[in-house]
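Everything on this sheet refers to the single structure shown next.
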Amino acid sequence: MTANTAPALLDWPPLDAAHFARIEDKIAALMRTRETVVAMQGEALLPLEACIRSAVRPGSTALNVVTGPYGETFGGWLRSCGAEVVTIAAPFTGAVGAEQVAEALRARPDIDFVSLVHAEAATGNTNPVAGIGAVVREHGALLMLDAVASIAAEPLLTDEWGVDLCVIGGQKAMAGPAGVSAVSVSARAWERIAANGQAPRRSYLSLLDWKERWIDGGRTVLPHAPAQLEMLALEQAADRIADAGLEAVIARHRAAAAAVRAGVRALGTLAPYVVRDEDAAPVATTLRAPAGVDAREVVVAALAADPAVPVQAAGGALAAEMIRVNHYGLAADRGTVLASLAALGKALDALGLAGDAEGARKAAEAAWYAASAG
Ligand SMILES: *Cc1c(COP(=O)(O)O)cnc(C)c1O
């Protein structure tokens, strides 16, 4: 027999329908929605693609707000559904404004679908969804929001903001599993989806299947065997947040972002990539490497100083200039943030660049406490 120190993953009794429904209700509470929430049995890209394929059809005009890599992915799906796509692209140094969205909607009264990412872990920015939601609602389009990187890191008021399709995942600030996700669907969105002959049916991408086979029957019979372990982990993540208090978890993420931004400014040489504090995502802070220095070298040196810190190079075209400091889930923690800054200080030192590590520590500590109190 092999020594086994892993948690018990086998031989669980089946996850029954009542328990599955209870987990959906816990997620709905975290999302601040009274609309239908479906726990999708896959990573968050599953409900994101399902929303677009369900609500969009040839003849649709979609406004796609691109503030990072996920928005670019949505554009491809929208086009493949036959929609004409109007794009607003915001620089990764900031957020998109409600006025910009209002202007795009005024220019194209035929826009009937808007896709938006709330917070972008990859680029470290967050968008003002309350204001954007209000202009989209006034225009009459459906609003889809990717809240994977915002849930539990910052306020997410799905119903109050008029979000018709809101997608969350457990793997970021919830500190939960990546293999299941959830989407809330408003009554307006269900009407649109039901009227769309092209919406997926009898498909893993189908929201309508869940409606017909699960919701309309009162959530008493599961349509297929659920991803049980992932669902149980998602429930534990939701319970842990409820026990700590959602506000306290959000405050911890807010404090982490404030501390990294203040610390990096005091450190010098590196700078927050997102210019204004109000546009910075609480989930991750992106940093700009100085001219002539490859961001990847800074990351390698930081990880050489402390391999445990959640510091990574950005993806794709940004890899040479952007450093990403993650502070979500368990990493939204004072000690982890201070260790990340210390590792960056040592990295600058190793590369022969200037940096005030002690100043960074003090500034980060002060910002942590100020933001936790606020
Ligand atoms: C993290 C994230 C997702 C999910 O993507 P993974 O790379 O699978 O974690 C989706 N949308 C946004 C905005 C995210 O930050």
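Read-outs throughout are calculated quantities, based only on the coordinates presented, and are distinct from any laboratory measurement. Note that the coordinates shown come from a computational prediction; the quantities given were computed from them, not determined experimentally. Cβ sites come from the backbone with ideal geometry, for glycine too, and all protein chains shown count toward neighbours.
Structure data summary
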item: FRET E, pair ALA244, SER80, Förster distance 45 Å, beta-carbon r, rounded to 0.05; result: 0.65
item: Förster radius 30 Å - calculated FRET efficiency between ASP11 and VAL221, Cβ distance, rounded to 0.05; result: 0.80
item: Whole-angstrom gap from the stretch 103-154 to the stretch 310-333, using each part's C-alpha centre; result: 23 Å
item: Long-range HN-HN contacts of THR36 with modeled amide H, under 5 Å; result: VAL185
item: Simple spin-label estimate for GLN236 and GLN100 in nanometres, 7 Å along Cα-Cβ; result: 4.1 nm
item: Within-13-Å neighbourhood charge of HIS327 [Cβ basis; K, R +1; D, E -1]; result: +4
item: Interchain or long-range residues, amide H under 5 Å from ALA89's placed H; result: VAL66
item: Cα-based radius of gyration of the stretch 17-243 once divided by 2.2 N^0.38 Å, which approximates compact folds; result: 0.95
item: Reachable lysines, given that their alpha-carbon falls under 19 Å from the alpha-carbon of LYS172 and they are not under 8 places away in the same chain; result: LYS26
item: FRET efficiency, 1/(1 + (r/R0)^6) with R0 41 Å, evaluated for VAL275 and ARG188 via beta carbons; result: 0.70
item: 5 angstrom amide H check on LEU142, placed H, neighbours 5+ away; result: PHE113, VAL114
item: Net length gained if the chain between ALA291 and LEU353 were fully extended (0.36 nm per residue, minus Cα distance); result: 21.1 nm
item: Crossing angle, helix 17-31 versus the chain [Cα axis fit, 0-90 degrees, rounded to tens]; result: 50 degrees
item: Neighbour-limited loop hits for trypsin sites (Lys or Arg not before Pro), the stretch 6-55 (at most 14 other Cβ within 10 Å; DSSP other than H, G, I, E, B); result: ARG34
item: Neighbourhood charge, 13 Å Cβ-Cβ cut-off, centred on VAL309 and excluding it, Lys, Arg +1 and Asp, Glu -1; result: 0
item: Charge dipole of the stretch 17-243 about the Cα centre (unit charges at C-beta), most positive-ward option of ILE88, VAL38, VAL117; result: VAL38
item: Residue-span extension gain [ARG201 to ASP159] - 0.36 nm each, minus C-alpha spacing; result: 12.5 nm
item: Estimated vicinal HN-Hα couplings, Hz - the stretch 63-73 in sequence order (Karplus 6.51, -1.76, 1.60; Gly, Pro = x); result: 9, 10, 8, 10, 10, x, x, 5, x, 5, 4
item: Net charge of Cβ neighbours under 9 Å - reference ASN127; Lys, Arg +1; Asp, Glu -1; result: -2
item: Rounded to 5, the percent of DSSP beta bridges in the stretch 137-219 classed as antiparallel; result: 60 percent
item: Antiparallel DSSP beta bridges within the chain, percent to nearest 5; result: 55 percent
item: Whole-number D in µm²/s for the stretch 60-108 (Stokes-Einstein; Kirkwood sum over Cα pairs; 20 °C, 1.002 mPa s); result: 192 µm²/s
item: 0 to 90° range, to nearest 10: angle between helix 357-373 axis and the chain longest Cα axis; result: 40 degrees
